[in-house]
Amino acid sequence: MSARLLVAGVGNIFLADDAFGPEVIRALDRRPLPPEVRVRDFGIRGMDLAYALLDGYDTAILVDAAVRGHEPGTLSLIEPDLPDRATVGAPPEAHGMDPVKVLALAAHLGDEPLPRVLVLACEPELRAPADEDIAPGVSATVREAVGRAVTALHAMVPVLLADPAATPPLSRPDESPALSPPGCGAP
């Protein structure tokens, strides 16, 4: 039996490079992953993603922009520490798409442990200025990273379908070897 895997694009399409996750999901329409992989753009719908994480997946890959201090366009593979139901306490915020809060909400809502979660993150170049509500369009650097992320997913997915506990590689100069430090670090 094949492992069940979720690839989830997250991010706001109206906030510059934060649209990285949805852009990758859209690019996967042209280069689809195997049928046993569910690919979905969650945008900023954190509650929907929290419930999807409870659907019995072995692994979930969140595709998101994340400030990690690298050159813009750098892809990173992050394996965050997952909260468990016992440590979550009061229900976390149910609105928005902060990945850490979404994972805490999913842990609070579910009776079973969460699936293994990996974050395929891209270092943003453009972020919406604090005084603007809308800054559509990703930078050329992040647009180029979208294609590399699709290629990375095509390399990672077969590894994870064969063994959900495996550490999938990213090609250099991208970050990955020892999965990055815990914590999502997403904006």
For residue 7, state whether it is in contact (Cβ under 8 Å) with a residue 60 or more places away in the chain and part of a strand (DSSP E or B).
yes
Apart from one, (1) surrounded by 21 or more Cβ atoms within 10 Å (Cβ to Cβ); (2) on the phi < 0 side of the Ramachandran plot; (3) more than 13 Å from the chain's Cα centre (by Cα) all hold for residue 7; the odd one out is (3)
Within segment 134-164, tally of residues that are in a loop (DSSP other than H, G, I, E, B), loosely packed, with under 14 Cβ neighbours inside 10 Å and modelled with pLDDT of 90 or more:
1
Sole residue being buried (at least 21 other Cβ atoms within 10 Å of the Cβ), β-branched (Val, Ile, Thr) and at pLDDT below 95, chosen from 61, 13, 78:
78
Please work out if residue 21 is small (Gly, Ala, Ser) and either surrounded by 24 or more Cβ atoms within 10 Å (Cβ to Cβ) or farther than 24 Å from residue 67 by Cβ (or both).
yes
Report yes if residue 114 is farther than 25 Å from residue 17 by Cβ and modelled with pLDDT under 80, otherwise no.
no
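The values are calculated or read from the model by the stated rules, or taken from the named source; none is laboratory data. Everything numeric in this text was worked out from a predicted model, so none of it was measured. Ideal geometry is used to build each Cβ from the backbone, glycine not excepted, and the neighbour counts take in all protein chains shown.
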